[in-house]
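Below is one structure; the comments refer to it alone.
The values are calculated or read from the model by the stated rules, or taken from the named source; none is laboratory data. Computed from a prediction, not measured in an experiment: that's the story for all the values here. Methodologically, a virtual Cβ is constructed for each residue, glycine included, from the backbone with ideal geometry; neighbour enumeration extends over all protein chains shown. Note: areas computed on protein heavy atoms with side chains; ligands, DNA, RNA excluded. Shrake-Rupley method; radii C 1.70, N 1.55, O 1.52, S 1.80 Å.
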Amino acid sequence: MKDPVNDRPSRQRPEPTRVILATSNGTGMGHLARQNAVALALLAAGGSGSTSRTIEPIVFSLSQAVHVVAQHGLRAEYCPSHHRNWMPHLAWHRYLGRRLSALLEETRARALVFDGVSPYFGMLRIRRAHPDVAFVWVRRGMWRPGANKRALVGREFFDLIIEPGDFASDADAGATSRLQDATRIPPVTVLEQVPALPRAEAAHALGLDPNRPTALVTLGAGSLNDTTTPAMAAIQAFLATGDWQVAVTRAPLALSRVSAHDLERVHELVGVYPLARYLSAFDAAVGAAGYNTVHELLPARVPTLLVPNSATATDDQNARANFLAAKGYALCADDESPEAVARGVGRLLDPTVRTELSYTCESLPEASGASAAAELVLDLVSDFQPHTPSSAERLRQLDLVVRMAAMRALGTTGTAAVRRMLGRTPAMGPTRPLSVRPYVTEDLDPEVLKGDRPVEHLLPQSSAAYRLCRLEIAYDSYRWPVDEAS
């Protein structure tokens, strides 16, 4: 091929090394935020001269918040989770596997990196079909004691397991704490790749007065009939000073009972991502003790009252919060006691307490896990040999086949009955495939993703062959009429 400018043969640029960063749905932004941080670290590695090839991270997520990664120029694809109830549970796992296989083939990705506490059947089933792809599990620790042990059978399918560091790891008593199968790295936070703004700039961007003391409250909004929730108790305690302003990520419904005068000092933050970039605007914070909250607020030295969510299925927020409070990095209050939260805010209002908390957080280890994870993945794919299943993996693969065959034979009703006998909750989803035409799009409109119609989102800039393949998968999964599948 001739160069049109100087009429000499042009060099064809090598195809980028692509890495699929997949996330589970989760209950917050933890999985997605960590993968976003790793994606940015991969981009930085590709542009640093440490590799001879361009790196392209691609995000594949079950989270409806996946649109936020586009702010960093990342290509992303959304896949509805089984929690949306668009198809029977077993059919969804087959659907997920076909979606991932199609994406791996379209992108010719070298690695599939999954961040979640439990690898899905559909993901594990395709391991054998993609031996040239490195499978990596980013498996956060701090599981509740006794929780999620069944998920560990999936570790046999992965070529590498990465455990993001946790400031409270010494208090980890969960199922992963006794394992030696993971490569442990420093804590992962987007702060490593996204620099924080100066206070005045951050405050103005959020619509806050930089000259007033400012609190951040990131607790749940509460239910319609709740007049006193931990979030509301925290907000009222700050407002009672007459000076503090409060920024909330989810406005409690009970704010309607706050006087108009006080309400002027409450600001709801909508669509702010990543919030870590704006943390310099805050003099104090009240938040749950999830991985993201802790590993963003504390490195930013924001004096924080942690209110652990005791209802999480796997994440041991109580252990994390109590450990950090005992070490003097944060304060802690029971999420079932608004009174305790109010007392905790009372302590945060003391300038001496805030100074001590901020000073203590200076001794926390560096949160450089995103670049460490990126380096591990790139090292793995640089000389990756085709995956050869171990005897343990073959046994697990057979187990998956038998279990899924049994579920098909039993049907939805029979499977639910067996799960109840074993003390497990019935699987989610309808009893038979829906006859519905999904919405096919390349856009990541959050309102559309949350709508009442299934969304078949296509990776932007993908090929016509990929679009055709995806339409075939969707037709099989949703049973929409043939004349509407074009």
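List of remarks:
- Subset of segment 131-157 [touching a residue at least 40 places away in the same chain (Cβ under 8 Å), open to solvent by 10 Å² or more (accessible area, probe 1.4 Å) and not aliphatic (A, V, I, L, M)]: PRO131, ASP132, ARG140, ARG144, PRO145, ASN148, GLU156
- Answer from ALA240, ALA330, ALA284, ALA233 - the residue that is within 16 Å of PRO213 (Cα to Cα), crowded, with 23+ Cβ neighbours inside 10 Å and over 21 Å from the mean Cα position of the chain (by Cα): ALA284
- Test: residue in segment 182-194 that is modelled with pLDDT of 95 or more, open to solvent by 50 Å² or more (accessible area, probe 1.4 Å) and farther than 21 Å from LEU298 by Cβ: yes
- For segment 44-54, the condition of being open to solvent by less than 10 Å² (accessible area, probe 1.4 Å), more than 23 Å from ARG479 (Cα to Cα) and not in a helix (DSSP H, G or I) holds for none of the residues.
- Tally of residues being modelled with pLDDT of 90 or more and not in a loop (DSSP other than H, G, I, E, B) across segment 448-474: 15
- Residues in segment 475-486 that are outside any loop (DSSP other than H, G, I, E, B) and modelled with pLDDT under 85: 3 in all.
- Restricting attention to segment 107-134, the residues that are in a helix (DSSP H, G or I) and closer than 15 Å to LEU21 by Cα total 2.
- Total residues in segment 280-328 satisfying the condition of being more than 22 Å from SER118 (Cβ to Cβ), in contact with a Phe, Trp or Tyr (Cβ under 7 Å, 6 or more places away or on another chain) and in a loop (DSSP other than H, G, I, E, B): the figure is 2.
- Residue check: ALA65 meets all listed conditions (1) under 26 Å from TYR439 (Cα atoms); (2) open to solvent by less than 10 Å² (accessible area, probe 1.4 Å); (3) within 19 Å of the chain's Cα centre (by Cα) but one, namely (2).
- Some residue of segment 1-12 being open to solvent by 20 Å² or more (accessible area, probe 1.4 Å) and at pLDDT 90 or above: no
- Residue satisfying all of: in segment 250-266; touching a helix residue (DSSP H, G or I) at 6+ places or on another chain (Cβ under 7 Å) and modelled with pLDDT of 85 or more; surrounded by the fewest Cβ atoms within 10 Å (Cβ to Cβ) among these: VAL266
- Residue pairs meeting the criteria (Cβ under 8 Å; at least 6 apart or on separate chains; first farther than 15 Å from LEU112 by Cα, in segment 377-398; second assigned to a loop (DSSP other than H, G, I, E, B)): THR388/PRO131; PRO389/ARG127; PRO389/ARG128; GLU393/ARG127; GLN397/ARG127; GLN397/ARG128; GLN397/PRO389
- Inspection of segment 364-375 identifies at least one residue that is modelled with pLDDT under 95, loosely packed, with under 14 Cβ neighbours inside 10 Å and charged (D, E, K, R).
- Pairing residues of segment 194-213 that are on the phi > 0 side of the Ramachandran plot with residues that are open to solvent by less than 50 Å² (accessible area, probe 1.4 Å) and outside any loop (DSSP other than H, G, I, E, B), at Cβ distances under 6 Å and at least 6 apart in sequence or on separate chains, gives GLY207/HIS267.
- Residue count for segment 13-43 under the criterion of being over 13 Å from the mean Cα position of the chain (by Cα) and either at pLDDT 90 or above or part of a strand (DSSP E or B) (or both): the result is 9.
- Residue that is nearest to GLU106 (Cα to Cα) [pool: residues in segment 456-465 that are in contact (Cβ under 8 Å) with a residue 24 or more places away in the chain and under 26 Å from the mean Cα position of the chain (by Cα)]: SER462
- Candidate set from segment 68-106 (those that are in a helix (DSSP H, G or I) and hydroxyl-bearing (Ser, Thr, Tyr)); member that is least open to solvent (accessible area, probe 1.4 Å): TYR95
- A Cβ distance below 7 Å, combined with a sequence gap of six or more or placement on separate chains, defines the contacts here; from segment 261-282, residues that are farther than 22 Å from PRO351 by Cα reach residues that are of a type in the set (Asp, Glu) and not in a loop (DSSP other than H, G, I, E, B) in the pairs ALA276/GLU296.
- Considered as a group, the residues in segment 449-466 that are among the polar types (S, T, N, Q) and at negative phi include one that is surrounded by the most Cβ atoms within 10 Å (Cβ to Cβ), and that residue is SER462.
- Test for VAL436: is it aliphatic (A, V, I, L, M), modelled with pLDDT of 75 or more and within 15 Å of ALA91 (Cβ to Cβ): yes
- Taken as a whole, the structure leaves ASP443 outside the set of residues that are open to solvent by 80 Å² or more (accessible area, probe 1.4 Å), at pLDDT 95 or above and under 30 Å from VAL69 (Cβ atoms).
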